[in-house]
Amino acid sequence: MVAIIFGIQGVGKSSIVNGALANVSREEDFRLLQWGKRTFEITMQKNIIRTGDYKTLANYQLKSEDTDRGVAIVITEQGENVIYAKDEACVQNARDEMRNLDVKTQKMIQDEVANSYIQEISANPNLHYLIETHAALKTQQGYLPGLTPEFMQKAKPDVYIIIEASAEQILARRMNDKNRKREHDKTLKDVQINLDTTRFYTSNFAVSTHSPMCIVENKDNGQDAAIKELTRILKTF
């Protein structure tokens, strides 16, 4: 079984997924794959995230910079988008800058992540996979679908699950989270558009693979109920 679990930033997706995993029988048969974590690893491997001072480059164009967090995106002489972290302590901050890379670079990274997961699933077909990711990636060039056509064709997801909450609740949670930089949805309208786009993209993914789509609500003070519902869904597969 391959289950894709979507949820926009601040909805509490990871907590719900981890809670459901703890409840599922034969837990050893389940493997959690976090698309964002693998994206970060591949971005590091490909030297798209670098440590040091971008000003040492001979020729570059500064695309954006956050001096407080010690990260910057530059366009190199070869036209590549590269994230610079001032030092090792700032490398984790670079994760929040990946969405600001140009779409061409993000597509390349997506393909790398998709291929690595396809290989992993093919090598261990008897396991159950929960893939935690985003249906719609908000980039500076518009919303980018979170899954590639090749991945859906080869991985053949059995179910798509969206973890949701109201726009008001999500915005409040983001404002209270001081550990992450989440500035791309600054109003309730922005958050609602992100929620709507997630549903729209997910429904299209489900149609393309003829798989069911489920929605789990994670209301304030309702985490236990959300974990219970996600557990129930997973057990049906």
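The values are calculated or read from the model by the stated rules, or taken from the named source; none is laboratory data. Predicted model only: the values in this text are computed from it and were never measured. We place every Cβ from the backbone using ideal geometry, glycine too, and count neighbours over all the protein chains shown. Each accessible area value is taken on the protein alone, full model and side chains, heavy atoms only, with ligands, DNA and RNA left out. Shrake-Rupley method; radii C 1.70, N 1.55, O 1.52, S 1.80 Å.
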Out of all the residues in segment 94-126, which are within 25 Å of Gln140 (Cβ to Cβ) and of a type in the set (Val, Ile, Thr)? Val103, Thr105, Ile109, Val113
Number of positions in segment 134-170 that are buried (at least 20 other Cβ atoms within 10 Å of the Cβ) and polar (S, T, N, Q): 0
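Residue-wise test of (1) open to solvent by less than 90 Å² (accessible area, probe 1.4 Å); (2) modelled with pLDDT of 90 or more; (3) of a type in the set (S, T, N, Q).
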site: Arg180; (1), (2), (3): no, no, no
site: Leu188; (1), (2), (3): yes, yes, no
site: Val191; (1), (2), (3): yes, yes, no
site: Thr197; (1), (2), (3): yes, yes, yes
site: Thr202; (1), (2), (3): yes, yes, yes
site: Ser208; (1), (2), (3): yes, yes, yes
site: Ile215; (1), (2), (3): yes, yes, no
site: Lys219; (1), (2), (3): no, yes, no
site: Asp224; (1), (2), (3): no, yes, no
Any chance you could count how many residues in segment 204-237 are of a type in the set (Lys, Arg) and under 22 Å from the mean Cα position of the chain (by Cα)? 1
Test Glu77 against the stated conditions and say whether it is among the acidic types (Asp, Glu), surrounded by fewer than 17 Cβ atoms within 10 Å (Cβ to Cβ) and either modelled with pLDDT of 95 or more or closer than 13 Å to Asn100 by Cα (or both). no
The number of residues in segment 80-97 that are under 26 Å from Leu32 (Cβ atoms) and open to solvent by 20 Å² or more (accessible area, probe 1.4 Å) is 3
Looking at (1) surrounded by 19 or more Cβ atoms within 10 Å (Cβ to Cβ); (2) part of a strand (DSSP E or B), which is the only condition Ile8 fails? (2)
Yes or no: Ala114 surrounded by fewer than 14 Cβ atoms within 10 Å (Cβ to Cβ), farther than 18 Å from Asp196 by Cα and either in contact with a strand residue (DSSP E or B) (Cβ under 9 Å, 6 or more places away or on another chain) or of a type in the set (A, V, I, L, M, F, W, C) (or both)? no
